[in-house]
Amino acid sequence: MTEESKVPVLICGGGPVGLALAIELGLRGVECVLVEQGDGTVPVPKMSQLSTRTMEFCRRWGIADRAKEVGWPEEHPGDFIYVTSMIGDELFRQRFAPYAKQGDLRYTPEGPRQCPQIFFDPILRRHAASLPSVTLYHRTQLESFDEDSNGVHVRLASLETGQTETISADYLAGCDGFDGPVRKALKVEYEGSGILSYSVSIFFRSRALGTLHNKGWGRFYRLVDASGHWSDLIAIDGQELWRLTCFHVDPETDINSFDVEGSLIRAAGTTFPHEVLSVLPWKRRELVARSYGRDRVFIAGDAAHQMSPTGGLGMNTGIGDAVDLGWKLAAVLQGWGGPHLLESYEIERKPVAFSSVTASSETYLHETSLPANLVIAENSAEGERARRQFAEALRGRRGQGNERLHEGVKLGYSYEGSPIIWPDQAKAPLIKGGDFIPSSRSGARAPHSWVSEGCSTLDLFGEGFVLLRFDQSTDASTLIASAAARHVPLKVVDINNPDIAALYDRKLVLVRPDGHVAWREDACPDDAFALIDRVRGGGSL
Ligand SMILES: Cc1cc2nc3c(=O)[nH]c(=O)nc-3n(C[C@H](O)[C@H](O)[C@H](O)COP(=O)(O)OP(=O)(O)OC[C@H]3O[C@@H](n4cnc5c(N)ncnc54)[C@H](O)[C@@H]3O)c2cc1C
């Protein structure tokens with residue numbers, strides 16, 4: 001790092017969201033520097049499952065296969081199993097087929113994958129570091145910054161040497177987690193319910209725990225005893241790594257006196273050989289930042305929103321922020337993004353955060369309000385009845401709360417209504433609960449279909465805009481000419497496949513670099529400049 005060096009984008013925070021943003025920029029050839037105060041080690045496997053959408057982004061980035069190789073054995077089922085303890089009674093089981101037996105999913109080239117953060121962050125880090133325009137600095141802390149018309153002047157301190165330096169950046173992205181310095185310096189407050197509860201996660205190693213019971217492998221063991229659903233035991237690698245998350249911890253608890261051993265024995269129902277790797281007390285929050293930043297400084301990921309991990313939406317929502325912000329920063333720096341493009345970042349992403357936060361809290365309340373019964377773990381006729389009633393209650397409640405967390409929330413979010421999306425002329429369909437219905441409506445994620453062996457429609461998107469044409473006789477020349485005049489990168493792809501044409505439902509579909517539909521029609525609009533200006537954030541918002 002040289003003193004007073006200049007860089008187009010400075011990213012504060014090398015968690016998954018900062019690294020994803022560095023990859024988005026790096027793949028677009030945009031120079032960026034990422035500073036991370038830590039040394040790159042991930043002490044606790046927080047996020048466990050990559051959503052379908054995150055896996056689709058990984059596919060575009062070229063790391064989906066690496067994410068599949070680590071994390072979870074292909075042949076293990078991914079069941080959620082309700083138990084009184086690991087050696088106790090099984091109360092209820094929600095079955096999820098092993099990846100090896102899942103087959104092709106109709107709506108995506110990449111289904112969700114178990115790839116906990118201890119594995120995923122290093123994959124992202126290695127990939128970001130391999131991109132020529134990305135520079136990563138560890139043990140480097142952002143201390144403060146100020147902004148003027150020339151850029152953002154960011155003061156950094158090396159935690160190794162104590163040396164301080166200033167970097168000037170065109171843009172600063174705060175991917176610095178909850179309570180990060182960038183949001184605070186912007187004086188942006190959070191809105192929402194705040195803290196829902198206190199939890200403690202115990203990360204430990206035990207080969208014995210996988211086989212000392214008769215439940216077989218599952219991803220989640222939900223522990224229910226006389227006090228109700230008191231914790232979740234998550235199998236991290238399907239071999240020897242585990243995370244036990246204890247709910248409802250008293251906020252006054254001193255973590256040094258937290259009963260780690262007692263909690264592990266309570267979960268297993270017996271003593272067992274193990275090695276505790278780390279203990280993390282954390283707060284379950286429901287918050288969204290009032291602003292995602294403006295002008296030259298933006299925030300993303302946990303800096304912009306926190307939610308209960310129930311449902312696995314936190315990091316996955318942050319990765320979506322990075323993708324949205326990434327192509328827009330690149331477009332502006334490359335000169336074709338209009339003056340309003342970056343304003344659309346908050347407009348598009350904040351509603352997604354609200355939807356994720358709400359769905360996560362609903363699931364948390366749904367799971368932890370399962371009926372408690374004092375005798376549920378007892379070996380008696382009353383105990384047997386309590387277990388039956390519990391299973392019946394669960395069967396009855398399935399689909400009420402946590403269904404929203406399925407693909408409808410994770411994949412079905414749309415940017416319809418965004419000022420850089422051309423309004424769709426068709427009436428919006430009514431979508432029930434958390435259903436995901438692939439759609440080419442303006443704002444939606446452009447649907448997946450196989451174009452040829454191993455090539456999805458999604459593989460066509462990523463660099464610039466793509467105009468899909470399903471009838472080669474349709475004249476697209478005015479749109480092509482307008483894009484060229486505004487220097488908007490646009491590739492026309494002809495598809496002669498009636499099934500894909502039916503799925504996309506229009507002869508012309510314009511898809512953005514992030515894979516969302518910007519516009520669709522059967523013919524070019526009368527004013528193609530107006531369309532191109534709108535989708536590049538060039539018109540008045
Ligand atoms: C128990 C638990 C389970 C979870 N499970 C899931 C799940 O299943 N699915 C899911 O999607 N999400 C899950 N999450 C949430 C997920 O872990 C977070 O959403 C994710 O880590 C956020 O990534 P981020 O990059 O925004 O922030 P962080 O991971 O917090 O990274 C921010 C980085 O910024 C750095 N930083 C801060 N200040 C500075 C500074 N001044 N200078 C330099 N660097 C700085 C920090 O050191 C940190 O590395 C879970 C969370 C918990 C606690």
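Any residue in the stretch 314-340 that's basic (Lys, Arg): show its pairings with residues that are within 16 Å of the ligand (Cβ to nearest atom) and modelled with pLDDT under 95 at Cβ separation under 7 Å, as long as the two are six or more apart or on different chains.
Note: no pairs meet the criteria.
If I filter the stretch 187-228 down to residues being within 16 Å of the ligand (Cβ to nearest atom) and closer than 23 Å to PHE96 by Cα, which single residue comes out as surrounded by the most Cβ atoms within 10 Å (Cβ to Cβ)?
Taking the candidates together, the pick is LEU223.
I'd like the full set of residues that are outside any loop (DSSP other than H, G, I, E, B) and either away from the ligand (no atom under 16 Å from the Cβ) or in contact with a Gly (Cβ under 6 Å, 6 or more places away or on another chain) (or both), limited to the stretch 242-267.
Correct list: ASN256, SER257, GLU261, GLY262, LEU264, ILE265, ARG266.
Among GLN117, GLN163, which is of a type in the set (S, T, N, Q), within 23 Å of ARG222 (Cβ to Cβ) and either out of contact with any Cys (no Cβ under 8 Å at 6 or more places or on another chain) or surrounded by 22 or more Cβ atoms within 10 Å (Cβ to Cβ) (or both)?
Details: GLN163 fails: within 23 Å of ARG222 (Cβ to Cβ).
Every option except GLN117 fails the conditions.
Which numbered condition trips up ASP527, out of (1) surrounded by 18 or more Cβ atoms within 10 Å (Cβ to Cβ); (2) free of Cβ contacts under 8 Å to residues at least 60 places away in the same chain?
(1)
Looking at GLU24, GLU56, can you tell me which residue is within 15 Å of the ligand (Cβ to nearest atom), closer than 25 Å to VAL297 by Cα, assigned to a helix (DSSP H, G or I) and among the acidic types (Asp, Glu)? Give the derivation first.
Numbers: GLU56 fails: closer than 25 Å to VAL297 by Cα.
Just a single option satisfies the conditions, and that option is GLU24.
If a residue must be within 6 Å of the ligand (Cβ to nearest atom) and not in a helix (DSSP H, G or I), how many such residues does the stretch 5-20 contain?
Step one: list which residues in the stretch 5-20 are within 6 Å of the ligand (Cβ to nearest atom), which gives 12-18.
This time we only want the ones that are not in a helix (DSSP H, G or I), so: 12-15.
So the answer is 4.
Any chance the stretch 330-341 includes a residue that's in a loop (DSSP other than H, G, I, E, B), closer than 30 Å to VAL83 by Cβ and in contact with a His (Cβ under 6 Å, 6 or more places away or on another chain)? Give the derivation first.
We begin by selecting, within the stretch 330-341, every residue in a loop (DSSP other than H, G, I, E, B); these are 334-341.
Next, from what is left, pick out any that are closer than 30 Å to VAL83 by Cβ: none.
The answer is no, given that none of the residues of the stretch 330-341 is in a loop (DSSP other than H, G, I, E, B), closer than 30 Å to VAL83 by Cβ and in contact with a His (Cβ under 6 Å, 6 or more places away or on another chain).
Which numbered condition trips up ILE195, out of (1) in a loop (DSSP other than H, G, I, E, B); (2) closer than 17 Å to LEU287 by Cα?
Of (1) in a loop (DSSP other than H, G, I, E, B); (2) closer than 17 Å to LEU287 by Cα, only one is false for ILE195: (1).
Give the residue that is surrounded by the fewest Cβ atoms within 10 Å (Cβ to Cβ), with candidates limited to residues of the stretch 125-160 that are away from the ligand (no atom under 15 Å from the Cβ) and small (Gly, Ala, Ser).
For the stretch 125-160, the residue satisfying everything is SER149.
Go through the residues of the stretch 82-91 one by one and say whether even a single one is assigned to a loop (DSSP other than H, G, I, E, B), more than 27 Å from LEU329 (Cβ to Cβ), in contact with a strand residue (DSSP E or B) (Cβ under 9 Å, 6 or more places away or on another chain) and hydroxyl-bearing (Ser, Thr, Tyr).
Keep residues of the stretch 82-91 that are assigned to a loop (DSSP other than H, G, I, E, B), which gives 84-89.
Restricting the remaining residues to those that are more than 27 Å from LEU329 (Cβ to Cβ) gives 84-89.
Pick out the ones that are also in contact with a strand residue (DSSP E or B) (Cβ under 9 Å, 6 or more places away or on another chain) and you get 84-86, 88-89.
Pick out the ones that are also hydroxyl-bearing (Ser, Thr, Tyr) and you get 84-85.
Yes, there is a match, as at least one residue in the stretch 82-91 is assigned to a loop (DSSP other than H, G, I, E, B), more than 27 Å from LEU329 (Cβ to Cβ), in contact with a strand residue (DSSP E or B) (Cβ under 9 Å, 6 or more places away or on another chain) and hydroxyl-bearing (Ser, Thr, Tyr).
Does the stretch 504-523 hold any residues that are among the hydrophobic types (A, V, I, L, M, F, W, C) and surrounded by fewer than 19 Cβ atoms within 10 Å (Cβ to Cβ), and which are they? Before the answer, list the steps.
As a first pass, look at the stretch 504-523 and keep what is among the hydrophobic types (A, V, I, L, M, F, W, C): 508-511, 517-519, 523.
Correct list: ALA523 only.
When you go through ARG520, ARG506 one by one, which is the residue that is touching a residue at least 24 places away in the same chain (Cβ under 8 Å), more than 11 Å from PHE465 (Cα to Cα) and part of a strand (DSSP E or B)? Spell out the reasoning first.
Details: ARG506 fails: part of a strand (DSSP E or B).
One residue alone meets the criteria, ARG520.
When GLN334 is evaluated against the numbered criteria (1) over 18 Å from the mean Cα position of the chain (by Cα); (2) within 11 Å of the ligand (Cβ to nearest atom), which criterion, by number, is the only one it fails?
Against the list (1) over 18 Å from the mean Cα position of the chain (by Cα); (2) within 11 Å of the ligand (Cβ to nearest atom), GLN334 comes up short only on (2).
Being buried (at least 16 other Cβ atoms within 10 Å of the Cβ) and outside any helix (DSSP H, G or I) is the filter; apply it to the stretch 373-384 and report the residue that is modelled with the lowest pLDDT. Write out each step before concluding.
Pass one, the stretch 373-384, residues buried (at least 16 other Cβ atoms within 10 Å of the Cβ): 373, 376-378, 383.
Restricting the remaining residues to those that are outside any helix (DSSP H, G or I) gives 373, 376-378.
Details: ASN373: 84, ILE376: 92, ALA377: 91, GLU378: 91.
Among them, the one singled out is ASN373.
I need the full set of residues from the stretch 31-50 which are closer than 14 Å to VAL17 by Cβ and either more than 12 Å from the ligand (Cβ to nearest atom) or touching a Pro at 6+ places or on another chain (Cβ under 8 Å) (or both), in order please.
The answer is CYS32, VAL42, LYS46, MET47, LEU50.
Name the single residue, out of those in the stretch 275-295 being assigned to a loop (DSSP other than H, G, I, E, B) and surrounded by fewer than 20 Cβ atoms within 10 Å (Cβ to Cβ), that is farthest from the ligand (Cβ to nearest atom).
Keep residues of the stretch 275-295 that are assigned to a loop (DSSP other than H, G, I, E, B), which gives 290-292, 295.
Next, only the ones that are surrounded by fewer than 20 Cβ atoms within 10 Å (Cβ to Cβ) stay: 290-291, 295.
Working: ARG290: 17, SER291: 16, ASP295: 20 Å.
Step by step, filter the stretch 275-295, then rank; the result is ASP295.
What are the residues in the stretch 247-274 that are under 18 Å from GLY88 (Cα atoms), surrounded by 14 or more Cβ atoms within 10 Å (Cβ to Cβ) and not β-branched (Val, Ile, Thr), if any?
SER263, LEU264, ARG266, ALA267, ALA268, GLY269, PHE272
The values are calculated or read from the model by the stated rules, or taken from the named source; none is laboratory data. Keep in mind that this is a model prediction, so the values were computed, not measured. All Cβ positions, even for glycine, are placed from backbone atoms using ideal geometry, and neighbour counts span all protein chains on display.
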